[in-house]
Amino acid sequence: EGTYSVSWQVLSADDGHFSKGAFAFSVGAGASSAASPVEQQAEVVASSTFREGVTIWVELLGQAILLGTLVVSVFIWRKIKTRGSPSIPEYEKRAERRLAILMLIGGVLVLVGIVAYLLVKVSGLLEIQPVPFFQRLAPFRATVDGRYLLVRGALAVVFLAVFLFSKQRIVNARRVTGAEVILLLLVLLITLDRARVSHAAASQFLPALSVMMNWIHLVFKELWVGGLVAMTVAVLPAA
């Protein structure tokens, strides 16, 4: 007989969030009345932090720059070059150089955001239970969030490799190239993986549809932001 307190902690297998809490219970009739104030002192704490939000913002900004710059380069800048007024070579080269730099910046931001997010998540777990780094890395990597994080990182590396290998061919092309199709598909896959680990995946009603709608919303939002950046930084100064 007596009053007992239970302290628990759990790592979500889906989004990788760490939560902890406590509650109390009593055994025996004599302890029930004394335990009632204690039983009300239950607390649940989740590990989502400002640092985690900043890393996600950096990754999303990089995705927006990648998608917006790619679409502007293929569907706007190329039309300006082929159908517009007589070209001025130095302006064209300046715009193409800025578009290429933006593409590199977007890829680097995605990778930086992913690595920073991974470090923030693992460091948060280390604060709860100080163990070697790789012992905390393995549990997070086993979550859905951790697996998709590594997939996005791999896709970003492939994107940068394809772009660097095909940059000159893309710049000189008059039509959509196969490399640009591959780059666009890679960006769309990155955004789809990001949508999969959002709160839309937790919907109780048709979660796959919820994820798809969130992905469409994310794509158009990033296209809007990234397109404005590409137009402002690269295309408009060369117009």
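Among the residues of segment 178-200, is any over 19 Å from the mean Cα position of the chain (by Cα) and farther than 30 Å from LYS81 by Cα?
Looking through segment 178-200, none of the residues is over 19 Å from the mean Cα position of the chain (by Cα) and farther than 30 Å from LYS81 by Cα.
I'm trying to understand the selection: among the residues of segment 72-125, which are at pLDDT 90 or above and open to solvent by 40 Å² or more (accessible area, probe 1.4 Å)?
Those that are at pLDDT 90 or above and open to solvent by 40 Å² or more (accessible area, probe 1.4 Å): ILE101, LEU104, ILE105, VAL108, LEU109, LEU111, VAL112, VAL115.
Has segment 170-181 got any residue that is open to solvent by 60 Å² or more (accessible area, probe 1.4 Å), assigned to a helix (DSSP H, G or I) and farther than 22 Å from ILE56 by Cβ?
Narrowing segment 170-181 to residues open to solvent by 60 Å² or more (accessible area, probe 1.4 Å): 172, 174-176, 181.
If we keep only those that are assigned to a helix (DSSP H, G or I) too, we end up with 172, 181.
Next, only the ones that are farther than 22 Å from ILE56 by Cβ stay: 172, 181.
Yes, segment 170-181 contains at least one residue that is open to solvent by 60 Å² or more (accessible area, probe 1.4 Å), assigned to a helix (DSSP H, G or I) and farther than 22 Å from ILE56 by Cβ.
Exactly one condition in (1) basic (Lys, Arg); (2) open to solvent by 50 Å² or more (accessible area, probe 1.4 Å); (3) at pLDDT below 90 is false for ARG194; which is it?
Here ARG194 clears every test but (2).
Note down all Cβ pairs under 8 Å where the first residue falls in segment 177-196 and is touching a residue at least 40 places away in the same chain (Cβ under 8 Å), the second is of a type in the set (D, E, K, R) and open to solvent by less than 20 Å² (accessible area, probe 1.4 Å), and they're at least six residues apart or on different chains.
ILE190/ARG152; THR191/GLU222; ASP193/ARG152; ARG194/GLU59; ARG194/ARG152
The values are calculated or read from the model by the stated rules, or taken from the named source; none is laboratory data. If you're wondering where the values come from, they're calculated on a predicted model, not measured in any experiment. As a convention, Cβ positions derive from the backbone with ideal geometry for all residues, glycine included, and neighbour counts pool all protein chains shown. Please note that ligands, DNA and RNA were not included when accessible areas were found on the heavy atoms of the full protein model with its side chains. Shrake-Rupley method; radii C 1.70, N 1.55, O 1.52, S 1.80 Å.
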